[in-house]
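The values are calculated or read from the model by the stated rules, or taken from the named source; none is laboratory data. All values reported here derive from a predicted model rather than from experimental measurement. Don't worry about glycine lacking a Cβ; one is built from the backbone with ideal geometry, like all the others, and counts go over all protein chains shown. Just the protein is used for accessible areas: all its heavy atoms, side chains included, with ligands, DNA and RNA removed. Shrake-Rupley method; radii C 1.70, N 1.55, O 1.52, S 1.80 Å.
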Amino acid sequence: MSTNDSPIHDSVGRASSWVPSDREVERIAQRKVIARKRIAVATLSSVLVLGALIIAIVTSPGFRVVQETFFDVSYGRAVLHIVARGLVTNIMLTIIASIVIGIFAMTLALLRTSRSAALTPFRILATAYVDIFRGVPLLLVILLIGFGVPALRIHGLTSSVLVLGTVAVVMTYSAYVAEVLRSGILSVHPSQRAAARSLGLSQSQTLRFVVLPQAIKRVIPPLLNDLVALLKDTGLVSILGVIDAVRAAQIDASRTFNYTPYVVASLLFLCITIPLTRYTDRTLLRSIARQNAQGAA
Amino acid sequence: MNVLEVRNVRKCFGTDVVLEDLSLTVPEHTATVLIGASGSGKSTLLRCINLLDDIDDGSIVLDGQEITDPAIDVDVIRRRLGMVFQSFNLFPHMSVLDNITLSPIWVHGVSKDEAQSQAMELLKRFDLGDKAQQFPDRLSGGQQQRVAIIRSIAVRPRLLLLDEVTSALDPVLVNEVLSIVRDLKQDGMTMVLATHEMGFATQVADEVCFLESGRIVERGPASQVISNPQLPQTQEFLKRVHEAGRL
């Protein structure tokens, strides 16, 4: 601060005549020296470790071959727009799927946490559904639905691989997301329900006004995690022949026997997933800070 | 006229008998104070009256209607009861004003404007007018508990249940909460309250009940039960409270 001539103000705005003591000035200087040392050590160790790693890779016997077949820059530039067009399919699929998943998963979570007698059969079905779809690999679900449903030859039912692939992804992810939502609902303390019920709110009003707003706020970080995983897993529908980023890369790579398109596709996925995971981390840290603050109050 | 009659109530948790053959009558505009050690059944009795817990025998009657009838709509009964908890239980995701107006608007069908103006009136009366838009985590414990009390009376309950409303508070904050309760008593609110504050109990109680192991073992006006207890258990309990500096 360069306002040395104006009086210092404390947090509530009172003027204060505080001047740091000699000991404090000394301490600040000491802390600066310590901080500088830490930076020097961190820089040195990073240079050593990363440098050794790079040298080990570059001097390895197969490096030239790998560089040509995986990191061919001019070939990568040439296929970039094809793979990027494929990625649009992944993004569209992610957007549409996440909306449907949100609705379906919330229904499952509400059914599983409800105590209503009339809903008992639905509760059992929801539990069975979640158990099954959480337990079967996504790839198998995609194969079963993608090849199984058209084989039924039901008239009027779509045989579009894009739609069937999306359905498979939605079915599996709804089970995951339902569990996340359910854990959020169960994490709201029973005393909150008691307070709401004692005010005369019905079960469903308690859920709507008191439980769900708190539950959803708490599960936003894990839900963002699932969103990242969903975007990556949409690549699996390529197995049905959907031309997404993975499939587009595969077509080119199998034509030229050069795997640079795979690297291009990976980099494109990273362009979206890294910002998203950074954002997820930030929201997670914020929500932890908020919960700790509440615990301390 | 009796607002509340508790008749021979029994309550068990598993094999633990928490309330046994407990009877209580609360006439209109009176305050009944429950005292007794932790675990003597005070909170359980209040939770049973509010139908948060089911009783195992006996009956509870509100304004002449048995509310422990299994066929009764508990939501409708709870509209006539207010309850304040030891741990405040404000809704952390809502402002003070929204906490107070939630039930009037959605349960009692009061218009939003009217509910808000009534809530503001109550907040101002209890010196919380400037806190209406704040969230609970920005308030002190005493302020939170005062908001919780206002929230429970905003729906004009027939009977107010207060469960050790000052037990979670700093000693310096206790009085601002107790003064609200005194004001409500003066307004003629009928109430049943569990407390460890004997001085306060003496001021507001029309009847004091000393509970031990789920039974009311001594009852009467405060001048008798608190100032001049007859039973050795009551004397022992009050002595211990006194030693803890609460008398």
Cα-based Rg of the protein assembly as shown normalised by 2.2 N^0.38 Å, two decimals:
1.36
Taking Cα atoms, the helix B:232-243 axis meets the longest principal axis of chain B at an angle in degrees (rounded to 10) of 50 degrees
Taking residue B:11 as the anchor, which lysines have their alpha carbon closer than 24 Å to its alpha carbon, excluding any fewer than eight residues away along the same chain?
B:42
Percent relative contact order of the stretch B:143-247, based on C-alpha pairs within less than 8 angstrom and at least six residues apart?
21 percent
Where only protein heavy atoms count, and the probe is 1.4 Å, what is the accessible area per residue for chain B in Å²?
43 Å²
For the stretch A:197-236 the residues that are at least 50 Å² less accessible with all protein chains than alone, 1.4 Å probe, are A:197, A:198, A:199, A:200, A:209
Nearest 10 degrees, 0 to 90: what angle lies between the long axis of helix B:112-125 and the longest principal axis of chain B (Cα atoms)?
60 degrees
What percent antiparallel are the DSSP beta bridges of the stretch B:134-247, to the nearest 5?
50 percent
Karplus-derived HN-Hα couplings along the stretch B:182-196 (A = 6.51, B = -1.76, C = 1.60, θ = phi - 60°), whole Hz, x at Gly and Pro
4, 4, 5, 4, 5, 5, x, 5, 7, 8, 10, 9, 9, 7, 10
Rolling a 1.4 Å sphere over the protein heavy atoms, what is the accessible area per residue of chain A, to the nearest Å²?
61 Å²
Report the A-B buried area as the accessible area lost on both sides summed, probe 1.4 Å, in Å² to the nearest 100.
1800 Å²
For residue A:72, what residues show an amide H to amide H distance below 5 Å, using hydrogens built from the backbone and excluding near sequence neighbours?
A:260
Please report the antiparallel percentage of DSSP beta bridges with both residues in the stretch B:23-245, rounded to the nearest 5.
30 percent
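Filter the chymotrypsin sites (Phe, Trp or Tyr not before Pro) in the stretch A:11-79 to those in DSSP coil with at most 11 other Cβ atoms within 10 Å of their Cβ, and list the result.
Details: sites: A:18, A:63, A:70, A:71, A:75; in loops: A:18, A:71.
The qualifying sites are A:18.
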The answer for trypsin sites (Lys or Arg not before Pro) in the stretch A:107-171 that fall in a DSSP coil and have at most 10 neighbouring Cβ atoms within 10 Å is A:115, A:153
5 angstrom amide H check on residue B:190, placed H, neighbours 5+ away:
B:29, B:160
If the convex hull is drawn through the Cα atoms of chain B, its volume per residue in Å³
128 Å³
Ignoring any ligand, DNA or RNA, what whole percent of the accessible area of the protein assembly as shown comes from carbon and sulfur when the probe is 1.4 angstrom?
60 percent
Work out, step by step, the length gained on full extension between residue A:157 and residue A:270: first 0.36 nm times the residue separation, then minus their alpha carbon distance; give nm to one decimal.
37.1 nm
To the nearest 10 degrees, how steep is helix B:141-153 against the longest Cα principal axis of chain B, on a 0 to 90 scale?
90 degrees
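In chain A, which helices (entire DSSP H runs) extend 27 Å or more along their own long axis, judged by Cα positions, while averaging at least -1.0 on the Kyte-Doolittle scale?
A:22-58, A:73-113, A:161-187, A:212-233, A:260-296
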With every protein chain in place, the accessible area of residue A:81 for a 1.4 Å probe, in Å² rounded to the nearest 10, comes to 100 Å²
Work out the charge dipole of the stretch A:118-262 with +1 on the Cβ of Lys and Arg and -1 on the Cβ of Asp and Glu about the Cα centre, then indicate which of A:198, A:161, A:220 is farthest towards its positive end.
A:198
Under 19 Å from the Cα of residue B:185 - lysines, other chains or at least 8 residues apart:
B:124
Loop-located trypsin sites (Lys or Arg not before Pro) in the stretch A:11-81 whose Cβ has at most 12 other Cβ within 10 Å (DSSP):
A:14
In Å, the Kirkwood estimate of hydrodynamic radius for the stretch A:78-283 over Cα pairs equals 19.0 Å
Nothing charged except the Cβ atoms of Lys and Arg (+1) and of Asp and Glu (-1): what's the magnitude of the dipole of the stretch A:78-283 about its Cα centre? Round to the nearest 20 debye.
620 debye
Of A:86, B:2, B:216, farthest towards positive along the dipole that unit charges on Lys, Arg, Asp, Glu beta carbons give the protein assembly as shown
A:86
Distance between Cα centroids, the stretch B:123-185 to the stretch A:67-139: provide it in whole Å.
47 Å
Got a sec? Which residues of the stretch B:77-117 lose 30 Å² or more of accessible surface with every protein chain in place, vs. that chain alone, 1.4 Å probe?
B:78, B:85, B:89, B:91, B:92, B:93, B:102, B:103, B:106, B:107
Based on DSSP, what percent of beta bridges with both residues in the protein assembly as shown are antiparallel, to the nearest 5?
55 percent
